[in-house]
Structures are given as C-alpha cells and as structure tokens.
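The values are calculated or read from the model by the stated rules, or taken from the named source; none is laboratory data. What you are looking at is a predicted structure, and each value in this text was computed from that prediction instead of being measured. Cβ coordinates were reconstructed from backbone atoms using ideal geometry, including for glycine residues, and neighbour counts include every protein chain displayed.
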Amino acid sequence: MRKKIIAANWKMHGSLEWIGQYFADFFQLYKKNPVECVFFPPYVYIPSVLEQVRTKSCVVGAQNVYWEDSGAFTGEVSAPMLKDLGCQYVLIGHSERRHLFAENEKNVADKFHHAKEHGMIPVLCVGETLEEREKGLAARVLARQLATVLLNDKKAFDNAVIAYEPVWAIGTGQTASPEQAQQMHATIRQELTEISECRVEEIPIIYGGSVNEKNAKALFSMPDVDGGLVGGASLDAQKFLDIVECIR
C-alpha cells in the first residue's frame with residue numbers, strides 16, 4: 001500500500017508568533033492518523049516548526065536545497081545541513097523555482113540526487129503550463145521532467161515522492177478536476193513503468209494546485225492521487241486540518 005502524504009508548503013510566509021498560534025490551533029484538534037503530514041516552512045523557521053511537531057507524528061521538510069555538500073555558495077543550503085536540523089523531506093523543482101528563479105532540468109536533477117544521497121526524501125514537482133496543456137503537450141512535458149532525473153539512476157524514484165502540480169492551477173484558484181488529476185497521475189505512473197526500473201506501484205504521487213478543504217475529498221478519492229501539496233490553504237490551521245482529515 002502506498003504512503004499517503006499531505007504536505008503544507010508555506011512558501012515565504014510566517015513569523016515566530018504566527019507559528020506558535022498556528023500549532024496551538026492545529027494540535028488542539030489533530031488526531032494521529034495513517035497520513036504522513038509534512039510541513040515545509042521557510043528555512044529560518046525550520047527549527048521552530050521541528051520543536052512544535054517533534055512529538056506529534058508530523059515531520060518537517062525544506063522548500064529547496066543546493067546540490068553541493070559545502071562551498072562558496074552564498075545564500076545556499078545543503079542536504080547535510082538540512083538533515084542536521086532534522087528535516088526528512090525536501091521539495092525539488094517547484095514551479096516557482098523553475099519559472100521565477102530559472103532552475104533548469106539539470107539543476108532539478110542535481111538537487112534530487114543530492115537529497116537522496118544524503119538520505120532525504122525528495123518531492124519532485126512536475127507539471128505543465130496552460131499553454132503547454134492547450135497545445136496537447138502536457139504528457140510530453142511530464143515525460144521530459146521525469147526522464148531527466150532518471151538519466152543517472154533508473155531506480156531514482158524509489159524512496160521518493162512525485163508532486164503533480166499543473167502550473168496553471170498554482171495560486172490561481174483554478175484546480176484540475178479530480179478526473180484530470182487522475183488522468184495525469186496515471187500518465188506519470190505509466191511513463192515511469194516504461195522508462196524506469198522503479199517499484200512504480202509504491203511511488204506516492206500527490207497533487208498540488210489550489211488544493212483546499214472544499215475540493216480535497218474529491219481529489220483524494222482518485223485511485224492514483226496519494227495526497228496533496230497544499231499552498232495557500234495550508235496557512236490556515238483549521239483549513240489544513242480539514243484537508244488532512246479528507247484523506248482518512
């Protein structure tokens with residue numbers, strides 16, 4: 001049975017005061033369940049979030065990582081540093097990193113393998129733009145994004161997570177329908193079956209793209225949707241809790 005994962009990507013939001021109140025509200029009603037609940041705060045708040053969730057059956061990840069262990073790379077953070085803090089997961093290739101910070105496929109693959117080499121669980125974000133979807137290129141885009149990571153290791157996605165996040169649905173309020181999400185998740189799984197040597201049926205594929213407490217239950221009911229990567233809705237403790245409960 002594949003792991004179910006609900007992840008909160010806080011992006012560049014938060015403060016120490018806000019974090020304290022957030023988890024006071026969240027854990028007042030949170031009940032341990034079989035879902036892996038992962039929080040991705042900004043780097044500077046990782047220790048604070050770890051302290052809050054340490055005994056609560058939740059885990060913490062980072063929103064980004066550099067691909068070298070150490071060196072003269074001002075402003076960057078490596079996997080050994082993140083692991084030293086206690087991070088278990090790391091987002092790789094989020095669309096905002098690709099489109100706002102010009103990360104290319106090689107950068108993304110290098111970060112993915114760096115995280116795995118140090119025992120972290122990479123969450124590879126893949127997805128097409130609206131223009132690519134309208135031109136019928138969505139499946140081709142996903143295939144390219146997956147294949148680049150597999151160049152050096154045909155089993156790269158074992159002990160990893162894939163997040164399908166259609167770029168046109170991130171922060172726009174638009175969401176892929178449950179049927180669209182299922183189609184694309186099934187496409188990803190089929191593509192991996194053809195081009196990798198991974199244990200494909202064991203790879204969690206989660207959906208990201210304006211997930212909220214109103215659409216989560218329908219999305220998570222799809223057979224190949226193994227959870228969600230939640231952006232804006234994860235900033236509200238009650239809404240995020242409602243989303244976590246949707247996957248029970």
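Scanning region 225-239 for residues that are in contact (Cβ under 8 Å) with a residue 12 or more places away in the chain and not aliphatic (A, V, I, L, M) yields 226, 227, 228, 231, 232, 234, 238, 239. Using the structure shown, decide if residue 57 is closer than 27 Å to residue 167 by Cα and small (Gly, Ala, Ser). Criteria not met by residue 57.
Considering only region 137-174, how many residues are surrounded by 15 or more Cβ atoms within 10 Å (Cβ to Cβ) and over 20 Å from residue 190 (Cα atoms)? Here the count works out to 4. Out of 108, 65, 90, 44, which single residue is under 21 Å from residue 204 (Cβ atoms), part of a helix (DSSP H, G or I), free of Cβ contacts under 8 Å to residues at least 60 places away in the same chain and of a type in the set (Val, Ile, Thr)? Result of the check over 108, 65, 90, 44: 108.
Scanning region 117-136 turns up one or more residues that are over 14 Å from the mean Cα position of the chain (by Cα), modelled with pLDDT of 95 or more and either surrounded by 13 or more Cβ atoms within 10 Å (Cβ to Cβ) or in a helix (DSSP H, G or I) (or both).
In this structure, is residue 83 under 18 Å from the mean Cα position of the chain (by Cα) and buried (at least 18 other Cβ atoms within 10 Å of the Cβ)? Spell out the reasoning first.
Values: under 18 Å from the mean Cα position of the chain (by Cα): yes; buried (at least 18 other Cβ atoms within 10 Å of the Cβ): no.
So residue 83 fails the test.
Here the condition is being farther than 28 Å from residue 248 by Cα, more than 14 Å from the chain's Cα centre (by Cα), modelled with pLDDT under 95 and of a type outside the set (Lys, Arg); of 113, 99, it holds for 99 alone.
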